[in-house]
Amino acid sequence: MNAFYKFYAVLWLITTGAFAQNTHTIDSLQKVLKTDINNQAKVNTYNRLAAAYLDTDSAKVAHYTSLVFRLAQDIGYSKGAAKAWFHLGWVNLMKGYTTEAGEHFKESLQISQKARDNDGIGTAYNGIALVYYYQSQWDKSLHYHQQALKIRTQIDDKEGMAASTHNMALIYKRWGKYEKALEFFQQSLRLEIAMANQKGISETYNSIGNIQVERGNYSEALTLYHKALKIALKSQHQDGLITSYANIALVYDEQGSYQKALEFFKRALVIAKKMGNKRKLAILYSNLGRIYRRQGDYPTALKYFYQSLKIEQKSGNQLRVTKATQRISSIYGLQGDYQKALKLYQQVLKDFIQLKYQKGVTEGYSSVGAIYLQLGDYQEAEVYYQKALDVSQKMVLKWGITRSYLGLGKAALQQKQYSKAESFFEKALTIRKTLGQKALSAEAEVNLGIAYFWLKDYLQALKSLKKGIETAAKTGVPANVRDGAEYLAKVYEVMGQPQKALENYILFKQMADSLLNKRNIQKITRLETQYAAQKREDSLKQVQVQKEQAMQADIRQRKTTQQATYMGLVLSGLLIIVLFLFYRVQQRSNHKLGQVNKALEQALQELKALDSFKERLVGMIAHDLKNPLQAIMGLSADQPNHSYLSAIYQAARRMHLLILNMLDTQKYTQTRISLNTSSQSLHQLGSNALEQVQWFAQAKNIKLFQVTTQDVHLLLDGQLISRVLMNLLHNAVKFTPENSGITLKYEVLAATQEIKVQVIDQGVGINPAQQQAIFEPYHQVNAHQGSTGLGLAFCKMVIDAHQGRIGVDSVVGQGSTFWFTLPLANEASLEVLPTNQSSYTQTLDIALGPEDKAFLSPYLSQIKEYEFYHLTKIREILDQIDVAQHPQLALWKEALREAIITSDQQQYEHLIDI
C-alpha cells in the first residue's frame, strides 16, 4: 500500500503548493508579457510561467528560465535569478537527476543569501532537503527542513511553516517515529486551520491517516480520509479528491476488500483522466494492476501495468520507469516464466541501487530471492532474502521485514529445515496480524500450516491451513487458496479422512488451473505484442513529425533571412537620418539639463545643511535638558516624607527616558551599538521595569502583571534591555484605557532556541498597515498623541544588536501585543520560579502633615457618616474642600475621587483612615 502514499508525500516536500499546468493562468501571463511592464515585472512573469509548466513541460521551463537569467543579470535582479535556479532544480529532481537538482538548489540558496532574501532562502533549503529525501539521507533532509522552518518562523511565513512541519513529520514517519510524526502533523494542521486553507487541511488529514494505516488503525484512518474527502468535495479540489479516493481504496485493499478498493480507485481514475494528470494516472493504473494481480487476473493486471509504464517512460523519470518495470516482471514470475522474470528483476535491482532508492532495493532483493526459490536455488534465495531483511530492518519497513521472513521461511522449508521455517513464518504472521493485513496474513498462515505438516504437528497444521484458506477465500487471493488446499488434502489423508482429502485436492486443481491456463498466457502474449507494436508505431510517428518540423523550420528560416535583408537596407537609411536629428536635439537637451542639474545640486546642498542644523539643534536641546533633569531626579529620589516628590521623580525619569531615546536614536543611526553584556535575570529586569512605570499605571488604575514559570539568565546588556522594557510598558500604559490590565509575559521557544518577551495591553490596537512603520524613527500612529516617535525605533536598534527580532500582533479595538525575542545561547540557564504571576498594583500612600489633617478633620467626619456607595453625598462634601492653601491635600482629594470612580473600596477606606 504505498505507491499513492509516497507520491502524495513528495508533493508536500516540494513547496507549500502543488505546481500544475493551468491553461487559463498561462494565457493570462502571456497577455501580461504583451503589456508595457518594466524589466523586473518581466522577470517575475517569466518565473511564474516556468512554475506553471514545472510538472508538464521541462522544455518550456528551460526556455523561460533562460530568459530570466539573461534579463535578471542585465538589471541586477538576483532574487529573480534565484527563483529560476530553483525551477531548474525542480525539473531535474522530477526526472530523477538528484545530483544536478542539488547543485541548482544550492545555487539558488547562495544567491538568496547574498540578496538577504529570507523567502528565497527558505525555499532553497526546502529543495535541498527534498534531494536528500529522495536519496534516503533522512538526517540531512531533516536538518535542512529545520533550517527552512527557522527562517520561515523568523519572517512569520505561516504557509511555509505549515509545509516545513509537514515535511519533518514525513521524515519521522519514514523512521517509524509515529508519535513525533503526529506531533509535527498536528502543528501543520493548526497552521492550516489558522489560515483557513481548506486544501492544506484536507492534505494534512490524509497524511495523519497514513500514520494510522502504518499502525494498523484502519477505522481511524478511514475517518480521517473521509474528513479530507468531505473538504475536497465541498471545495471541488480535484487533486484532493483523487488523493482521498485513492487513500480510502488502499485501506480497503489492505483489509482484503478488493471490490471496494477497485470502486474507489476507479472514482479517482475518472477525475485524473478529466484533469489529464499523467502522474496520478500512472499511479492509479499501477494500483489497479496490483489488485488484479493479487486476485490472479494476470492479463488485466498486465494491461494496467503497461499503461503505467508508458506514461512513466514519457516523463523521463528513471526511478518511476524502474518501478513500473518491476511490476511487469512480477507477472512473468507468477506465470512461471522464471528466466525472463529473473533477468528483468536483476536489471531492476541494479537500477534501484544506482538510484540509491533503498525501498526499491529491498523490494528488488526480495523479488530476485523469490525467483531463485522457484528455480530451486534455495541457498541463493536465502542470500537475497537476508539482504532484503537487513535493508528493511535498517529502514524500519515492517512490510519489507514480513516479506523477508516469509521468503526465508520458504527457503528453509525447501531445505527441510522445518523448525527454522516455522519460526520465520510465526514472526511474519505476528507482524501482519499487528498491522491488520488480512490478505497478507492469509499467506503467512498457509505457510505456517505447511511447516506444521512437515513437523508432523497435524492438528496445528489443520488449524493454520483452514484459517489461511478461509481468509484467502474471503479476501480473494486464489494463490493462497491453491497452496493451502494442496497441503490440507495431505493433512486429511494422513489423518485418515479420504473424503475431505479428495475435496481439497479438487479445490487445489481448480485454483491451479485458473491461475495458470493457456488462455491467460495467450492474452498476455497478445498484450506484449500490442505494446511492442504501439511502441514502434509511436517511435515512427515521432521521427516523421521531427522530420516535418525540421523541413518547415528550414523554409521559414530562408524566408526570414530574405525579408530581413530587404528590411535591413531600408532601416539603415532611416537610421542615418534619425541619428542626425537625434544629435541636434541631444545638444540642446544637454545644455538645458546642465542648468537644471546645477539648480538641483544647489537645492540639495541647502537641504543637507538644514538637516544637519536640525540634528545639531535636537542634540543641543536634549543635552541641555538632560543635566537639569538628572538634578531633579537626584533631589527627589528616596524622599518618603513627601509623596509629591515621588511623582516629580517618576515624571522626571519618564522625561529622562524620552531624551535618552532621542540622543541614542540619533547616535546609533550613524554608529553601531556597542553592547556591555553580562549574565542577567530576565525576570528581575522585568520586575524593575514594572516598578518604574507603576506610578503611571496607578494614575489610570491599570493593574500590572508579570507572568512566567521560569527565570531565564542570558548574556545581554542589562541597561539597554531595561530601557526597551520601560519603553514598551510606557507605551502600553499610555494607550490602555483606565481600569484595565497590562501583562509582561515570557515564553521559551524550543523550536527556534529563543526566549520571547511579550507586553500585552488592552488598548485601541494598531491598524495592520502601520504595524511595520511604527518601528521607524519619528513615526507616529496618531499625530495628536504627542509622541516623539523614537521609543520603538530605539527598541528595534537594541534588539537587532542582540541578534533578536521585534514586532507587534494587534487587532484594532482588541489591544496589542508587542514582543521581542532574544537567542538562547549555550550559556543560558533556566530556573523554575515559585509562582507564575506577580501583581504590581499597590495601594497609593499620601503623606499628610498635622496642619493638613487638622484642616481635613471636619470634612472626614461628614464623609464617614455615609457608606461607600453614597457617591453623590461624598462628592458634595469633596467639592466643599478648598485645597488652595494645602497643596498636599490636592493629591489626597484627587486620589479619593479616583477611588470612588473606579469603585476601589480598599483604596477609599485606606485614604479616609487618617
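Some observations on this one:
- Charge context of Thr752, other residues only, Cβ under 15 angstrom, K/R +1, D/E -1: +1
- Note on the range 235-299 and the range 81-103: Cα centroid distance 30 Å, given to the nearest whole angstrom.
- Here the Kirkwood formula puts the hydrodynamic radius of the range 850-912 at 11.9 Å, using every distinct Cα pair.
- Between Lys273 and His226, the C-beta separation translates, for a Förster distance of 30 Å, into a calculated FRET efficiency of about 0.80.
- Around Val348: net Lys/Arg minus Asp/Glu count, Cβ-Cβ under 14 Å: +4
- Counting every other Cβ atom within 10 Å of each residue's Cβ, Arg723, Arg672 order from fewest to most as Arg672, Arg723.
- Derived scalar couplings ³J(HN,Hα) [the range 223-228; Karplus, 6.51 cos²θ - 1.76 cosθ + 1.60; whole Hz; x for Gly, Pro]: 4, 5, 5, 5, 4, 4
- Taken one residue at a time, the phi angles of the range 706-719 give Karplus couplings (6.51, -1.76, 1.60, θ = phi - 60°) of 10, 10, 6, 9, 8, 8, 10, 9, 10, 7, 7, 8, x, 5 Hz. Gly and Pro are set to x.
- Only Lys, Arg (+1) and Asp, Glu (-1) charged, at Cβ; the range 335-423 dipole about Cα centre in debye: 200 debye
- Whole-Hz couplings from phi, Karplus 6.51/-1.76/1.60, listed for the range 295-302; x for Gly and Pro: 7, x, 8, 5, x, 5, 4, 5
Any read-out appearing in this document is the output of simple, stated calculations on the displayed coordinates, not a laboratory observation. All values derive from a computational prediction rather than experimental measurement. Cβ: placed from backbone, ideal geometry, glycine included. Neighbour counts: every protein chain shown.
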